[in-house]
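Comments concern the structure below.
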Amino acid sequence: MKTLFRGGTVVSGKGTKKADVLIEGEKIVQVARTITPQSGTRVMDITGKLLLPGFIDAHTHFDLDVSNTTTADDFESGTLSALRGGTTTIVDFACPNKGESLRYGLDLWHKKADGKCSCDYSFHMTIDDWNPSIEAEIDDMMAAGITSFKMYMTYPAMMIGDEAMYFALKKLKAAGGICGVHCENSGVIDALVAEKKAAGENTVACHPQTRPAQLEAEAVSRLLRIAQTVDIPVIIVHLTNAAALREVEAARKRGQKVYVETCPQYLVLDEGVYDNPDFIEAAKFVCSPPIRRKTDQTALWAGLRKGEIQTVSTDHCSFTTAQKEAGRGDFTKIPGGVPGVETRAELVYTYGVTTRKISLATMCRALSENPARLYGMYPRKGVIAAGADADLVIYDPLADHELHAADMASRAGYSPYEGFAIRGGISQVWLRGTLAVDHGQVLVGKTGRFIPREKNSL
Ligand code: URP
Ligand code: ZN
Ligand code: ZN
């Protein structure tokens with residue numbers, strides 16, 4: 001069956017153009033100024049609408065056991081939520097515990113995800129330990145299509161020291177893998193937390209105060225100096241602030257290759273969210289690194305515009321307000337993370353594109369093309385071109401609406417963006433040639449497929 005999308009504006013990482021797009025089966029077969037449909041071809045008139053490549057969210061945490069609980073969203077609700085938000089591929093973090101093998105972690109994440117996903121999916125592999133047997137497994141991961149890794153410079157259960165990080169990066173360089181790193185200075189955070197507790201302070205505002213921007217910038221700087229020593233490109237995940245971005249700029253000036261991801265919560269929210277006197281209303285926004293200042297938002301939008309930031313993913317890590325209650329007597333026990341996998345594209349379009357902070361092409365690069373290249377899925381994913389998967393988002397610039405958690409598929413039960421005004425809206429999502437979401441209604445079952453990935457090509 002062939003389907004022709006006629007009359008729309010096709011968006012790519014280079015710009016926009018009026019073009020028709022023909023798909024057949026799961027693939028895009030032709031993109032041209034005008035395509036005449038053959039008999040039997042279904043024609044979708046998308047005049048006045050934007051046609052974008054399906055979005056890729058390369059940073060989700062579904063079905064993750066953390067902070068003595070499990071994230072509210074598993075792969076079922078998480079990928080349903082993703083698809084409704086135009087995300088046709090997610091990359092989640094497989095996370096073996098310290099002492100477990102990478103293979104065990106990968107098998108466990110396949111068990112969590114396989115047969116449960118509404119959109120396509122893949123995994124990064126977390127390295128939270130370093131020893132000869134883990135080193136030996138890196139090549140196995142690459143062969144299994146797991147070509148990207150993650151390390152944490154904070155969180156006792158997952159963090160890795162500088163020496164282990166050096167050896168791990170050396171091995172990844174030899175194997176051709178790429179690593180994303182959570183950058184925060186764990187030791188000084190512990191000291192600041194001890195000071196707050198000694199002073200009897202326990203408001204939610206203690207969370208951002210004990211994880212300040214400069215301690216993220218310090219960790220970014222340290223990571224980049226380790227990466228310089230190894231001579232390997234690295235990814236800074238969920239970068240939040242101007243000082244951290246300046247460390248990236250300095251590394252690039254000395255010739256290093258650095259990729260940067262930020263997230264919608266850092267682009268459209270500011271630290272004022274932690275000042276709400278209602279514990280739960282403030283705890284809803286607890287994530288690490290925390291939400292920063294308005295001036296940091298400005299720096300992040302400018303970084304996106306100038307190409308200093310390559311991707312916007314969500315770090316979707318959802319907990320219900322009942323789960324957030326765990327931290328009422330101790331701010332360090334608030335489960336960290338916010339939901340957002342369903343709202344990313346509409347927020348970036350509304351608060352980035354329509355306010356002219358970034359162009360549609362930049363949005364397309366940040367949400368589709370760059371993650372596809374960086375994580376080894378290009379040109380199968382991330383682009384509207386012959387041969388690519390027919391993952392498509394039809395965006396109606398006139399369908400203004402508001403965001404409400406009650407309309408979303410996430411089990412978090414709330415949205416950090418409740419009541420936010422949205423310009424336009426996603427009207428349809430196509431997953432590998434099938435109409436998957438029509439005006440919010442999900443029309444497909446759990447047809448998401450595991451996507452084994454190649455090496456970084458960004
Ligand atoms: O608070 C957050 N962001 N939780 C998710 C885990 C992480 O740090 O990425
Ligand atoms: Zn992180
Ligand atoms: Zn994360």
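Per-structure values
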read-out	value
Neighbour cut-off at most 10 other Cβ (10 Å), DSSP loop, trypsin sites (Lys or Arg not before Pro), the stretch 183-264	Arg254
Loop trypsin sites (Lys or Arg not before Pro), the stretch 324-373, which have at most 13 other Cβ atoms in a 10 Å radius of their Cβ (DSSP)	Arg356
Cβ-based charge dipole, the stretch 55-374, positive-most Cα from Leu102, Ile178, Thr60	Ile178
Share, in percent, of DSSP beta bridges within the chain that are antiparallel, nearest 5	50 percent
Helix 162-175 axis, angle to the chain major axis (alpha carbon atoms, nearest 10°)	30 degrees
Within the stretch 1-68: Cβ-based charge dipole about Cα centre, in debye rounded to nearest 20 (Lys, Arg +1; Asp, Glu -1)	620 debye
Pairwise centroid distance, computed over Cα atoms, of the stretch 267-342 with the stretch 400-419, Å	15 Å
Relative contact order for the stretch 55-374, counting Cα pairs under 8 Å that sit 6 or more residues apart, in percent	19 percent
Accessible carbon and sulfur surface of the stretch 55-374 relative to its total accessible area, %, 1.4 Å	50 percent
Nearest-20 debye value, the chain charge dipole, Cβ charges on Lys, Arg, Asp, Glu	1680 debye
Neighbour cut-off at most 14 other Cβ (10 Å), DSSP loop, trypsin sites (Lys or Arg not before Pro), the stretch 1-66	Lys14, Arg33
Average accessible area per residue (Å²) across the stretch 55-374 - probe 1.4 Å, nucleic acids and ligands excluded	33 Å²
Probe 1.4 Å, all protein chains present, accessible-area order of Phe450, Phe55, largest first	Phe450, Phe55
Charge dipole (debye, nearest 20) of the stretch 356-458; +1 at Cβ of Lys and Arg, -1 at Cβ of Asp and Glu	580 debye
The chain - mean residue ellipticity at 222 nm from DSSP helices (-39,500 (n - 2.57) per run, n ≥ 4, rounded to 500)	-8500 deg cm²/dmol
Rounded D (µm²/s) - the stretch 55-374, Kirkwood Rh over Cα pairs, Stokes-Einstein at 20 °C, 1.002 mPa s	109 µm²/s
With Cα atoms, 0 to 90° folded angle of helix 102-113 axis to the chain main axis	50 degrees
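The values are calculated or read from the model by the stated rules, or taken from the named source; none is laboratory data. If you're wondering where the values come from, they're calculated on a predicted model, not measured in any experiment. As a convention, Cβ positions derive from the backbone with ideal geometry for all residues, glycine included, and neighbour counts pool all protein chains shown. Surface areas here come from the heavy atoms of the whole protein model, side chains and all, with no ligands, DNA or RNA. Shrake-Rupley method; radii C 1.70, N 1.55, O 1.52, S 1.80 Å.
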